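The next block holds one structure in the form of structure tokens; read it before the comments.
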Protein chains: 4
Amino acid sequence: MTTWQSPYPQRSTARQLGLTTGILPTGSRNDLTDVPGVRVGHATLVAGEGPLRPGAGPVRTGVTAILPHGGNLFQEKVPAGAFVLNGFGKAVGLAQLQELGTLETPVVLTNTLSVWHAADAVVTYMLAQNPEIGITTSTVNPVVGECNDSYLNDIQGRHVTAAMVHAALASADGGPVRQGAVGAGTGLVCFGFKGGIGSASRAVGPYTLGALVQANFGRRPSLMVAGRPVGQRLAAYPGPEGPEPEAVPSGSIMVVLATDAPLDSRQLTRLCRRGALGIGRVGGSAANGSGDFVLAFSTAQRVPNTAGGPTMAWRLLHDDAPEMDQLFLAAAEAVEEAILNALFTAVTVEGRDGHVAHGLPVQRVLETLKEG
Amino acid sequence: MTTWQSPYPQRSTARQLGLTTGILPTGSRNDLTDVPGVRVGHATLVAGEGPLRPGAGPVRTGVTAILPHGGNLFQEKVPAGAFVLNGFGKAVGLAQLQELGTLETPVVLTNTLSVWHAADAVVTYMLAQNPEIGITTSTVNPVVGECNDSYLNDIQGRHVTAAMVHAALASADGGPVRQGAVGAGTGLVCFGFKGGIGSASRAVGPYTLGALVQANFGRRPSLMVAGRPVGQRLAAYPGPEGPEPEAVPSGSIMVVLATDAPLDSRQLTRLCRRGALGIGRVGGSAANGSGDFVLAFSTAQRVPNTAGGPTMAWRLLHDDAPEMDQLFLAAAEAVEEAILNALFTAVTVEGRDGHVAHGLPVQRVLETLKEG
Amino acid sequence: MTTWQSPYPQRSTARQLGLTTGILPTGSRNDLTDVPGVRVGHATLVAGEGPLRPGAGPVRTGVTAILPHGGNLFQEKVPAGAFVLNGFGKAVGLAQLQELGTLETPVVLTNTLSVWHAADAVVTYMLAQNPEIGITTSTVNPVVGECNDSYLNDIQGRHVTAAMVHAALASADGGPVRQGAVGAGTGLVCFGFKGGIGSASRAVGPYTLGALVQANFGRRPSLMVAGRPVGQRLAAYPGPEGPEPEAVPSGSIMVVLATDAPLDSRQLTRLCRRGALGIGRVGGSAANGSGDFVLAFSTAQRVPNTAGGPTMAWRLLHDDAPEMDQLFLAAAEAVEEAILNALFTAVTVEGRDGHVAHGLPVQRVLETLKEG
Amino acid sequence: MTTWQSPYPQRSTARQLGLTTGILPTGSRNDLTDVPGVRVGHATLVAGEGPLRPGAGPVRTGVTAILPHGGNLFQEKVPAGAFVLNGFGKAVGLAQLQELGTLETPVVLTNTLSVWHAADAVVTYMLAQNPEIGITTSTVNPVVGECNDSYLNDIQGRHVTAAMVHAALASADGGPVRQGAVGAGTGLVCFGFKGGIGSASRAVGPYTLGALVQANFGRRPSLMVAGRPVGQRLAAYPGPEGPEPEAVPSGSIMVVLATDAPLDSRQLTRLCRRGALGIGRVGGSAANGSGDFVLAFSTAQRVPNTAGGPTMAWRLLHDDAPEMDQLFLAAAEAVEEAILNALFTAVTVEGRDGHVAHGLPVQRVLETLKEG
């Protein structure tokens, strides 16, 4: 019986190594689950090595699940918004999320060709909790994002099963977010180094904003760390981290933002556009083949599936409140730091056909930052 | 001294003549100002006749102003949304309306090439009420729509002055909406007949939804009245209403929806998309050159310019409430009937170069409807 | 071995019964496959009767597949666009279609909770043709739409298998489009009558525009046929067609437009917005729970997956060409008539729990149209 | 007689002082007019000093005009796209630009409350070239952007006249772009320092991409220069550059991108989203009150106002061509460097009420960059 645990250790985050980016304070632990009630879980599948045999392996993939709260999400939806920086991606569920301004399932992340299996598995999970779905009430809208892990993984094999999705959901808790080569981050490559799951957060007055990224994008020469052209500097270093793999496909990034600030769908959509700026802060430029999606939800209020009466009471942050501008900056900063954390925490992983994604040479990065 | 009154009489509305469209009940008077607090005013300019002398005349144009409430709109904004069915138009102010989800000025309608003069005049009007704008507070976002009245009017002359805009605003009241060849409807052509301003409303439970259109679109063969291909039937009638003018430019339609239902910007945007379906119900198909815009606002709640505190209380209709579906249908129905009213109420107008836009031959239309 | 044939006969289309709507001429056969090269196929699954046993049946569902051409769609993509009239739906693949402006798989339609299984099955189909996908080239973006057939079907059972999807794809041809209670239309309800698949087309100069709808929307009182309030008139007829089922969930409509006019993604998106007006012409108003999506593609030109050089030659219809306005009108007309055809051609179907969707009482409809 | 020349000198650009950002090579002169055929002109109005007397002065404002080519833009339109990062702004003309995918006038930039006067003046300019507009052909769609210069300028006075707009248009040439406190940049503040007009460019294979910004956004603590938190470091330096003015309103940024790569409207819109990432690279986060708009046009092909035939031949860059990814990166880099150039080139300006916007202390910035 598998435990779906990642065999790859997690390294330290950027901030744990003394690298501070941005000007706002972090949340309590500097990750997505700093937002009260939010839960994150992973299921990781690592199997086989050697040449690619499509359908058989090797497998380097997984699932990451994010739950806005611990209750029944279909019955108690949360306000949500989305922004598509570059739509070359297969994320499902956005049209309904944007139309109704709500999220009614967990957000699940996985690999590109497993996104539909994962969505179906989310439906199974929701049906178990809400057997009336599609019989006496409306259907349910799973939200699943993805990145292409085919440089390391047998992506054609679509090895993500319903059991894996359910395991990721079942394992979700509000503890520290496991980052790096784990869950949906297992097989990713980012700026020519090992990518994966990263997270960060910011405190804004009484509110917290958290970001979790599935980072799989960028070419090495573009990488900026704390504003320095680290990608260019590392290109000049020969060494064990190796050159950027030429065969890496155009990657992608999925960003999930959570906050306990009382925002509605329009405001959360605004937040998503600022989250995209964080991609720019590390040197990303949304290459043609990079599916770059940003989602956001608020835990401050819930939208009942069945209206008790025709109207609902809301409390919303005023767009002109100082906290709004701070949340906008927080979104950009948290995404930037979450991407760095994906790079800092992920270890080297070898996958199909001997492809190796080297972990970012963190000490060299920190040394080069001292150079100016 | 001009009175800015239209010299053209208003004929009866479709319903006054016994023609009922749609299945929902109308509001109290079947026009936009059935929504409590909403005000409408017009200023009409008719001057000269004969050959077009660009810059001199003849002039057949005007301004129509819609005020969501009688207070200070900059200080007490209203939630608003918009949908662009076809963006071949010069409407101003939509980007901010959509970003912030609010309307902070009256909506003003005029001719295509006068839209910027009119917008500037709205700013002057707002500055008079709010002298701190642009000094100690943010600037102001006028919302102005337009239709091309150049078949009858010297549009290059840009004869709409600030005085006309201010007169339309000053004349606005909550009484019956003057329709037909009046205000921004003075020089319009619709389905090859005289177009203009039309209005209608629907009652939905405790709520009212009203529509006002500036109707200037469509070719005669497409016209449908109560679903019958009236345009085709009238094409076969020779007679004093004359053929469709060939030189009529591609027209446009501006639609303004108002409701006292408690809707936010996302919901009002949904409402706008349904309003566009009303254009389809009369045979419209948004020709390439037809700028077709739909705006909507709610009078149920106001957004203060200066937040008293960081958050605001709201009350919103649940998307799943039965009233929502009724409001969606009401939007389609009210727009359909408002367009018919523009056609029914507008009399024949002769403009530049002997161009004549004939009033819809209402009796023939009613007779043909009896045929089936 | 199943044949996936529908057990339900197809009745005559509206036009075959003498009912003409719109003013433009039809294509050669008045359906989607009038557009040269376009293929349509269905797979229908009807099994069991009696009480609903979720996961077991009864089953009234299916798959409809639309192929823009008979070649390798991944290697030779077609320009495409989309418009979401109401996003309460689970259609997949739109973000990439809109970003890149191309369609690279068949469009598959099925039931709401089977959309992800179907998408995965499309991927399997594409991988078989293009084994390099996700290994040496980018991944593939399946486009799948859906309607909720749960009034008749055990939707929780997700009975649509990869075999069904592949059967629908394999059966696709350029012959007359089978309409009514077939394929993805098997379990649908529309305006309180039996809905399903409908199709129609229009000729515009040298070009053809075709529409195919999966029609599952609307309440009976709103139904308009050729502009008459037929829904209201039929509400007054007691009789064997029965009352509108109260338990019918909010429906949806998927619209697919095809044309051989040389349009690009921006222009096809414009076309989609006009297609939505056709929904308004039959009385639709996009109820809150109705996922209303419009897709369009052009067969005039193909976009290679692998660029032979950095640039490509295109030929595009000028936006200002008279044909463009005619295509816009054609989209509205073809969608209207396709919806009517879904209603006219679909026979009565009984499904789970004794639920019956009665076929539109066509003779009564035709008689009432004679009344005016 | 005024010359509309700026009385403020232009300082050196960042690159002239040895500061290189980004990894791509610049165009020949590193500004917008490196794109062949593109012309830029300015008109600057500086008058009065002392206390603000609304309507009278002091005046610190102007106009900047960008012409895609030297021909008749209405007759020979250029493909164009736009992206709204934050819609709290009054830019006019975007709806039609996005619908038709073309730009048919110069792009004019000015102050927030003069945008409508400027748009009307553009119409006058276009009518002079095309007297048939609005008589025998369609109307014209001016595109005008703006920033709020009210910290220094009497913005209520709306001092921008048609003569100024026409002077800016008449002065436009393909020579080096005058940057800093000039034209529409005269009264701007950016990151608490003097903002203004900045420009930069990148070479991508045979193509050039240029950016011009009207930079008026950001709070000092957020400023990043070459990735370093320069805003924070300068906050600690007391000195003649002074503290950040507290009364500065939320600013904005208008970005105009030009390229001679053969891109259509969809592709140019993609380019605009990448341009927005350049705002993130200098620390911008699109504050609530900051209207952040990005426009792009291509000079590679022209769209005739009057179609010679129904279709047009096009040549387009393939989305998957390597040049596309380089253009995307170029957009982010050129916007970053254009913003830095606005800051580097603008000198200290004193305006109304003794308000002073201090020029960026360039030497301190360069010194602090040496620190790391």
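Readers should treat all values here as calculations from the given coordinates under stated rules, not as data from a laboratory. Computed from a prediction, not measured in an experiment: that's the story for all the values here. So basically every Cβ, Gly included, is an ideal-geometry build from the backbone, and we count neighbours across all protein chains shown.
Cross-link partners for residue C:370 among the lysines, with Cα-Cα distance under 16 Å and sequence neighbours closer than 8 places in the same chain left out: B:370.
Over all pairs of different C-alpha atoms, segment D:195-314 has a mean inverse distance whose reciprocal, the Kirkwood radius, equals 16.7 Å. With θ taken as phi - 60° and the Karplus curve 6.51 cos²θ - 1.76 cosθ + 1.60 applied, the whole-hertz 3J(HN,Hα) list for segment A:215-222 is 9, 8, 10, x, 9, 4, x, 8 Hz, x standing for glycine and proline. Mind checking which lysines have their C-alpha under 24 Å from residue B:77, skipping anything on the same chain fewer than 8 residues away? Correct list for residue B:77: B:90, D:90.
With angles folded into 0 to 90 degrees, how steeply does helix D:265-281 sit against the dominant principal axis of chain D? Use alpha carbons for both and round to 10. Helix D:265-281 sits at roughly 10 degrees to that axis.
Each part reduced to its alpha carbon centroid, segment A:126-151 and segment D:107-156 end up 50 Å apart. Considering only alpha-carbon pairs that sit under 8 angstrom and 6 or more positions apart, the relative contact order computed for segment C:125-242 is 17 percent.
Spatial offset of segment B:7-40 relative to segment C:305-372 amounts to 33 Å, using the alpha carbon center of each. Backbone amide hydrogens, once placed in the peptide plane, bring residue B:225 within less than 5 Å of B:230, B:231, excluding anything fewer than 5 places away on its chain. A point 7 Å from Cα along Cα→Cβ stands in for residue B:132, and the other copies hold the same point at 5.0, 5.3, 6.6 nm, listed in rising order.
Overall form of segment B:140-246: oblate. Here a/c, set by the Cα gyration tensor axes a ≥ b ≥ c, is 1.5 or more, and a/b is not larger than b/c.
Sorted shortest first, the distances from the residue A:163 label point to those of the same residue in the other copies are 2.4, 8.3, 8.5 nm; each point sits 7 Å from Cα along Cα-to-Cβ.
Along its three principal directions, the equivalent ellipsoid of segment D:1-111 from the Cα gyration tensor extends over semi-axes of 28, 24, 16 Å, largest first. With contacts taken as Cα pairs under 8 Å and at least 6 residues apart, chain A reaches a relative contact order of 26 percent. The overall shape of segment A:30-87, judged from the alpha-carbon gyration tensor, is prolate: a/c is not under 1.5, and a/b is greater than b/c. Note that segment B:83-126 carries a Kirkwood radius of 11.5 Å, evaluated over its alpha carbons pair by pair. Near residue D:89, the amide H atoms lying under 5 Å from its own belong to B:96; only residues 5 or more places off or on other chains count, and H is placed 1.01 Å from N. Axis between C and B by rotation; chain C residue with nearest Cβ and distance in whole Å recorded as C:227, 1.
Which net charge results when you count Lys and Arg as +1 and Asp and Glu as -1 among the other residues whose beta-carbon is under 13 Å from that of residue B:61? Every neighbour counted, the sum reads 0. Considering segment C:108-179 at the alpha-carbon level, its Rg and Dmax are found to be 13.8, 44 Å. Residue A:54 label points, 7 Å along Cα→Cβ, one per copy: pairwise distances from this copy to the rest in nm, shortest first? Inter-copy label distances (nm, one decimal, shortest first): 3.8, 6.2, 6.9. Each listed q (0.06 Å⁻¹) maps to a log10 I(q)/I(0) for the protein assembly as shown, found by the Debye formula over equal Cα scatterers with no solvent: -0.51.
Relative to the longest principal axis of the Cα atoms of chain A, the long axis of helix A:322-345 makes an angle of roughly 40 degrees. When the chymotrypsin sites (Phe, Trp or Tyr not before Pro) in segment D:154-213 are filtered for DSSP coil states and for at most 14 other beta-carbon atoms within 10 Å of their beta-carbon, no site remains. For segment D:97-149, the gyration tensor built on C-alpha atoms gives an oblate shape. Its axis ratio a/c (a ≥ b ≥ c) is at least 1.5, and a/b is not larger than b/c. Taking amide H atoms as placed 1.01 Å from N in the peptide plane, the amide H of residue C:77 lies under 5 Å from those of C:303, C:305, each 5 or more residues away in sequence or on another chain. Axis angle, to the nearest 10 degrees, between helix C:162-171 and the longest C-alpha principal axis of chain C: 80 degrees. Summing +1 for each Lys or Arg and -1 for each Asp or Glu among the other residues whose beta-carbon sits under 10 angstrom from that of residue D:345 gives +3. Here segment C:1-52 has an Rg and Dmax of 16.3, 46 Å, counting Cα atoms alone. Entry for chain B at q = 0.10, 0.12, 0.14 Å⁻¹: log10 I(q)/I(0) = -0.55, -0.80, -1.09, Debye formula applied to identical alpha-carbon scatterers, no solvent contribution. Each distinct pair of alpha carbons in segment D:286-340 adds a 1/r term; the inverse of their mean, the Kirkwood radius, is 14.8 Å.
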